[in-house]
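None of the figures in this text is laboratory data; all of them are computed from the coordinates on show. This structure is a prediction, so every number in the text was calculated from the model and none was measured. Glycine gets a Cβ as well: all are built from the backbone with ideal geometry, and neighbour counts include every protein chain shown.
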Amino acid sequence: MVDNLFKFSTCSSPSSLCNPLLPVPIPFSISSSRSLSMASISPQHSPPATSLHPSLLVFSERSQLCSHFCILNILRLFNNRHFYRGTAFNGVVEELKKLTTRVAHVLPVSDDGGSTAEIVRVLGGPAVGDIRSRCLRLSDQSSSEALAVRTLLGYRLPLDAQEAKLEWYGIVEGEHPLWKDVSKPYRETIRAFLAYFQNQILRRTNESFSFSNGSIGNFFFAGARIFFQSLDAAIFLFSRVSQIPTESLVLPVISTNDRLTLGCELWDGTIIRGQNEISHPASGSLQLVDKVNSLALPSRIKRVFYMSSEGSNLLHEVFPTVNPSVLEQLGNVDCIIYGMGSLFTSICPSLVLLGVGEIIASRSCAKVLLLNGTYDRETSGFSASCFVTSITDALNRTYGLLNNRLKDNASQYINTVFVPKDGEIPVDIKCLAAQGIVHVVHVESMHDPKVGIVYEPTSLIQALADLLSGVTNKIG
């Protein structure tokens, strides 16, 4: 039983990250014969669902305002690096905390790039990279130990495969300098799941795992998910370890242990399989992601959908069920945000699921589209109204199964559009008005040398605060 696998720590020092509710797995090393049995974990031990209702729901990728937000990664707003999948909103998360921590971050589970792809290839299961990235951005930084945990879980191994493997062994054995400021309870907890991850890799004798550019946080997350056989339980553990505010939720749009592949159909009939191939195809696994300079698609994207090879040797379209917690939050938040980022590979995958369009259309709250500041491979030649049309088609499932289609108007899904100053995307005011959207807000921007025009984080959060208090700077 679980009691045989965990001991519970107590904490006498208020400065420590130790939490009396945090389970600490029995420590073991990759050279140890001791292993953890998944058979001893049953579904009844998964953490209970929270009853909190964050006021902001952001589809991803702060004053004392108490509004709830739901961000649909769809929270992919700002990034100080490339447009990595599911991370474009990460750079603004720190500023968002100043407005409110009552936020539900909704993230896709279809990433198939980087170290996430390698984990999925060898161990299967859903992609956790976007979720891990958002959890780290929300994590505590108030003490040296909190920063040490955040640094450890955010660390990436070298690109050279052999160097990466050697450094990984040092980390999982507890000998790496990254452990310096991490206390024993946290070291034992994190090491146990890293070692369990290593154990699972060694069991796959027919596969050779590459640690090149691997994310320690992804390895920890994958180890926890496989151990508990629950994505939700893994998020719960990661949230405790990284000390995410209890009122902040990180929600996978699909709660599954299965591997899902994102597919898209172009208007010329072409089918593309895999999120990477849609968004930023690369010639090699070590190539850095650059969505801005990727070659344009041969035709615009008509729709996105999910694929799986479960129960079959061939990829085929599937219709997964949306995470019930996402629908619950959508029904209670005060503001819904479609975050800046890859429209068809980060935002639309969360919108095409049955039930999402229905509940968003039924709400009378603020529904904000954060327009991108720069074109990418998926949106070449788009105007603001094209973004609105694509989101509306996704929520209406316009090109999906006939019996599942909706016919709601664009204004039932989006009632406000934020636009970064000097952005590349033209704002066609008359077309937006024809769609029923007349509230367009200009927001200060900044130029990032790697990705172009992005929202200035402080101005963006202030604009959200003004929107909720009824004060906005309209343009048009």
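Descriptive notes on the structure:
- Global geometry of the stretch 119-162, whether rounded, prolate or oblate, following the gyration tensor of its Cα atoms and the 1.5 cut on a/c: oblate
- Once divided by 2.2 N^0.38 Å, the Cα radius of gyration of the stretch 311-355 becomes 1.46.
- The stretch 408-475: C-alpha gyration tensor shape, a/c 1.5 cut-off, then a/b vs b/c: oblate
- Under the shape rule built on the C-alpha gyration tensor, where the axes satisfy a ≥ b ≥ c, the stretch 320-392 is prolate, since a/c reaches at least 1.5 and a/b is greater than b/c.
- Kirkwood-based Rg to Rh ratio, the stretch 155-208, C-alpha trace: 1.00
- Shape analysis of the stretch 347-475 based on the Cα gyration tensor places the equivalent ellipsoid semi-axes at 25, 18, 13 Å, largest first.
- When you count the other C-beta atoms within 10 angstrom of each residue and take the mean per peptide, 353-359, 383-389, 411-417 line up highest first as 411-417, 383-389, 353-359.
- Near the amide H of Leu249, within less than 5 Å, lie the amide hydrogens of Val103, Ala104, His105, all on another chain or at least 5 residues away, with H placed in the peptide plane.
- Rounded to the nearest 20 debye, the dipole magnitude of the stretch 294-395 is 280 debye, with +1 charges on Lys and Arg beta carbons, -1 on Asp and Glu beta carbons, and the Cα centre as origin.
- Rounded to 5, percent antiparallel among DSSP beta bridges of the stretch 320-465: 25
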